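Undergrad: Take a look at this one; I'll ask things after.
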Amino acid sequence: RSNREKIIARYGLALALSRDNKYNQALEEARESLKLQEDNLILQSALLEIHLNAGNGLEAVAVGKNLLEMNPLNYPISMMYAKALIDQKQYDQAEEVLKKLLFKRKEDPQIWYWLAEVQGLDQNIIGLHLSRAEYFYLTGSYETSLKHLRMALELVGNNFQLTETIHNKIERSHKSIEALKST
């Protein structure tokens, strides 16, 4: 077999073993495939995914951090790394990873959903409501977005800048609702 065929076979076997909850064997196959082509991002990501599936939190965080340093703002790696951080209750770091990803993909509802979850776990209730509002806005649930914006507005107190930002988002949601009514 060619190297390419060996890599493909080991990669496929690693994923199949992982799906069958045979994580030690899956990790062994993934590592063997990486020996054949160390810089293959798909194989490296598979190793991270298998560690996540196996519940190897510390390993998943280490692999994820390393991969993200080599591939900044890579969407699948960022999401898997954030998951590993969440599993290890490293909410601040997970929030940071997701926020960085939003610079590149600010209209991705999945990132906003995960960000809201992390903020909720970290007891950042204002952030939770703002992220949920953005998630619901991006998925077309403008009324639900408004509900979360109003909840956030009640919590901000005297923070003028944040209050102004929330009012602008409320206005945006109202405009979207009006635009739907006029069509």
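The values are calculated or read from the model by the stated rules, or taken from the named source; none is laboratory data. Treat the numbers as computed from the prediction; the structure is a model and nothing was measured. FYI the Cβ positions are ideal-geometry reconstructions off the backbone, even for glycines, and counts take in every protein chain you see. Surface accessibility is based on the protein's heavy atoms, side chains included, excluding ligands, DNA and RNA. Shrake-Rupley method; radii C 1.70, N 1.55, O 1.52, S 1.80 Å.
Undergrad: Using 0.36 nm times the number of residues separating residue 25 and residue 160, minus their current alpha carbon distance, what extension gain do you get?
TA: 43.0 nm
Undergrad: A follow-up question, please. Would you mind getting the accessible area per residue of the stretch 60-148, heavy atoms of the protein chains only, 1.4 Å probe, in Å²?
TA: Numbers: 4480 Å² over 89 residues.
Result: 50 Å² per residue.
Undergrad: Putting +1 on Lys and Arg Cβ atoms and -1 on Asp and Glu Cβ atoms, find which of 163, 85, 180 reaches farthest to the positive end of the dipole of the chain.
TA: Positive-most Cα among the choices belongs to 180.
Undergrad: Would you check the accessible area of residue 172, probe 1.4 Å, heavy atoms only, in square angstrom rounded to 10?
TA: Only protein atoms counted, so the area is about 70 Å².
Undergrad: Give the carbon-plus-sulfur fraction of the accessible surface of the stretch 1-138 in %, rounded to a whole number; probe 1.4 Å, heavy atoms of protein chains only.
TA: On the stretch 1-138, the fraction of accessible area on carbon and sulfur atoms equals 49 percent.
Undergrad: Got a sec? Which residues in the stretch 41-82 would a label at residue 105 touch, if it sits 7 Å along Cα→Cβ and we count backbone N under 12 Å?
TA: 73-82
Undergrad: I would also like to ask the following. Just how far, in whole angstrom, is the stretch 64-131 from the stretch 132-176 if you go by their alpha carbon centroids?
TA: 20 Å
Undergrad: Let me confirm the definition first: pairs of Lys residues in the stretch 55-183, 8 or more apart or on different chains, C-alpha distance under 22 Å. How many are there?
TA: Within the stretch 55-183, the lysine pair count is 22.
Undergrad: Roll a 1.4 Å probe over the protein heavy atoms and report the accessible area of residue 155 in Å², nearest 10.
TA: Accessible surface of residue 155 is approximately 90 Å².
Undergrad: State the extension gain, in nm to one decimal, for the chain segment bounded by residue 123 and residue 58, taking 0.36 nm per residue of separation less the distance between their alpha-carbons.
TA: Additional length available on full extension: 21.1 nm.
Undergrad: In what order, largest first, do 129, 174 sit by accessible area if the probe radius is 1.4 Å?
TA: So, going from the largest accessible area down, we get 174, 129.
Undergrad: Which loop trypsin sites (Lys or Arg not before Pro) in the stretch 1-88, with loop taken from DSSP, have no more than 13 other Cβ atoms within 10 angstrom of their Cβ?
TA: 1
Undergrad: Quick one: longest stretch of the chain between exposed loop GluC sites (Glu not before Pro), exposed meaning at most 12 other C-beta atoms within 10 Å and loop per DSSP? Provide the component values of the computation, followed by the final result.
TA: Values: sites that count: 38, 107.
In short, 108-183.
Undergrad: Still on this structure, please answer the following. Please give the FRET efficiency for residue 89 paired with residue 143, using the beta carbon to beta carbon distance and R0 = 35 Å, rounded to the nearest 0.05.
TA: 0.55
Undergrad: Nothing charged except the Cβ atoms of Lys and Arg (+1) and of Asp and Glu (-1): what's the magnitude of the dipole of the chain about its Cα centre? Round to the nearest 20 debye.
TA: With Lys and Arg at +1 and Asp and Glu at -1, about 380 debye.
Undergrad: Now for a different question. Using the basic label-point model (7 angstrom from Cα toward the beta carbon), what is the residue 4 to residue 42 distance in nanometres?
TA: It is 1.1 nm.
Undergrad: How much length would be gained if the chain were fully extended between residue 71 and residue 32, taking 0.36 nm per residue of separation minus their Cα-Cα distance, in nm to one decimal?
TA: Result: 11.9 nm gained on full extension.
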